[in-house]
Amino acid sequence: MLRFLLMRIASAIPVLMILSVVTFAIIQAPPGDYADYIRSQLMNQGGASFAQADAQAQVYRQEHGLDKPMVVQYFNWIGGIVTRGDFGYSMFYNKPVADVVGERLPRTLLLALVCHILASILGIGFGIWAATRQYSWIDSLLSGISFLGMTVPRFLMALIIVYILVFQLNVSEIGSFYSPQYGGAPWSWAKFVDLMKHVWPVVAIATFGGLAYNMRVMRGNLLDTLNAQYVETARAKGLSGGAVVMRHAVPNALHPLVMYQGVVLPYMLTGEIETAIIFALPTVGPAIVGSMAVGDVYVTATFMLVLSATLIVGNIIADVLLALLDPRVRQQGGIN
């Protein structure tokens with residue numbers, strides 16, 4: 001197993017480098033940079049003429065190396081990461097990029113993991129329930145819920161919840177994780193309850209979408225597995241229906257969902273973009289969109305690099321889980 005992990009990590013390094021090059025090139029492809037944003041701000045809010053604003057923008061561009069070729073900017077950025085752990089300086093937030101990532105990534109990861117765990121447990125459980133009661137009213141109800149979860153856009157669900165909270169229930173504290181009195185307070189049960197009051201819409205929306213996918217896939221795979229010959233053999237041996245389903249059918253039906261874990265982490269991180277923007281929560285999604293809008297290239301590139309890394313890590317975790325779940329995978333891959 002250790003050898004397998006080392007090989008996967010070693011093969012992931014060049015993939016991550018290629019992704020960083022492609023991502024940086026795509027981010028730099030549109031015209032304009034942060035100096036252009038400064039020029040527009042000076043003209044719109046500072047009352048400067050175009051010539052004055054453009055002169056200051058040119059000075060800013062030279063001071064921060066934005067006038068250098070894209071290749072030079074990339075190697076300066078990636079070289080700082082490799083040699084010094086320096087992800088650059090955020091021009092919009094006016095602080096190191098590492099600080100911006102450190103402020104937003106942990107809370108986003110925790111939020112995404114909570115949503116993923118809830119979506120996996122509920123989705124797999126409901127999928128088993130629906131498959132073992134095919135064509136019943138329970139199956140029809142759960143299939144309808146799955147259809148809604150996979151088709152209704154998340155931003156629409158977020159807008160509906162915001163409308164109900166603000167205009168129907170007169171809730172004013174949205175756009176933060178805590179109420180003002182708990183912002184800098186130490187952790188307590190009251191602070192945890194206050195946190196849940198602020199983040200439950202995001203958790204509910206993200207969990208609903210993931211639950212719908214897991215339920216649909218689990219139901220379809222389990223129905224196919226229940227018709228397999230080895231399941232019929234288990235029934236013929238006199239095993240109870242629960243034992244046949246849980247010991248023989250479910251582990252094999254889980255394979256596609258286990259492989260899905262390889263992409264679910266970055267999906268959960270980026271999937272909260274619409275919801276977090278609507279609720280104005282300080283997470284990764286709004287930071288990516290905001291930095292792209294103003295041309296803060298190092299913030300955008302670093303967050304995209306982090307998402308690429310989570311995709312690679314997720315695939316490695318999925319391979320390990322699949323090897324632990326299925327002995328045939330361990331034998332074919334030579335994993336002990």
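The residues of the stretch 80-121 that are open to solvent by 50 Å² or more (accessible area, probe 1.4 Å), farther than 19 Å from ILE277 by Cα and not in a helix (DSSP H, G or I), listed by number, are ASP86, PHE87, TYR89, ASN94, LYS95, PRO96. Sub-7 Å Cβ pairs linking a first residue in the stretch 312-336 that is farther than 17 Å from PRO256 by Cα to a second residue that is at pLDDT 75 or above and surrounded by fewer than 16 Cβ atoms within 10 Å (Cβ to Cβ), at least 6 apart or interchain, are ILE312/VAL15; ILE312/LEU16, ordered by first then second residue.
The residues listed here are ILE9, ILE38, ILE26; of these, the one that is assigned to a helix (DSSP H, G or I), more than 22 Å from the chain's Cα centre (by Cα) and β-branched (Val, Ile, Thr) is ILE38. Does the stretch 63-73 contain at least one residue that is surrounded by 12 or more Cβ atoms within 10 Å (Cβ to Cβ), touching a residue at least 40 places away in the same chain (Cβ under 8 Å) and of a type in the set (Lys, Arg)? For the stretch 63-73, residues surrounded by 12 or more Cβ atoms within 10 Å (Cβ to Cβ), touching a residue at least 40 places away in the same chain (Cβ under 8 Å) and of a type in the set (Lys, Arg): absent. Taken over the stretch 141-174, the residue count meeting the criterion of being loosely packed, with under 12 Cβ neighbours inside 10 Å and either of a type in the set (Ser, Thr, Tyr) or assigned to a loop (DSSP other than H, G, I, E, B) (or both) is 6.
With the condition kept exactly as written, say whether any residue in the stretch 32-54 is under 24 Å from ALA301 (Cα atoms) and open to solvent by 80 Å² or more (accessible area, probe 1.4 Å). For the stretch 32-54, residues under 24 Å from ALA301 (Cα atoms) and open to solvent by 80 Å² or more (accessible area, probe 1.4 Å): absent. Could you list, in sequence order, the residues of the stretch 175-186 that are open to solvent by less than 50 Å² (accessible area, probe 1.4 Å) and of a type outside the set (Gly, Ala, Ser)? Residue satisfying the conditions is PHE177 alone. The listed residues are GLY123, GLY102, GLY85, and the only one of them that is among the small types (Gly, Ala, Ser) and closer than 22 Å to VAL289 by Cα turns out to be GLY102. Pairs are defined by a Cβ separation below 7 Å, a sequence spacing of at least 6 or placement on different chains, a first member in the stretch 253-277 that is at pLDDT 70 or above and outside any helix (DSSP H, G or I), and a second member that is open to solvent by 10 Å² or more (accessible area, probe 1.4 Å) and not hydroxyl-bearing (Ser, Thr, Tyr); the pairs so defined are LEU254/LEU325. Assess whether GLU232 counts as being out of contact with any helix residue (DSSP H, G or I) (no Cβ under 6 Å at 6 or more places or on another chain) and either modelled with pLDDT of 80 or more or assigned to a helix (DSSP H, G or I) (or both). In short, yes. Counting only residues that are part of a helix (DSSP H, G or I) and open to solvent by 60 Å² or more (accessible area, probe 1.4 Å), the stretch 213-229 holds 4 of them.
Of all residues in the stretch 41-56, those satisfying the criterion of being assigned to a helix (DSSP H, G or I) and not small (Gly, Ala, Ser) are GLN41, LEU42, MET43, ASN44, PHE50, GLN52, ASP54, GLN56.
The values are calculated or read from the model by the stated rules, or taken from the named source; none is laboratory data. Since the model is a prediction, treat every value here as computed from it, not as a measurement. In this analysis, Cβ positions are derived from the backbone assuming ideal geometry, glycine residues included, and neighbour counts consider all displayed protein chains. Heads up: the accessible areas ignore ligands, DNA and RNA and are worked out on the full protein's heavy atoms, side chains in. Shrake-Rupley method; radii C 1.70, N 1.55, O 1.52, S 1.80 Å.
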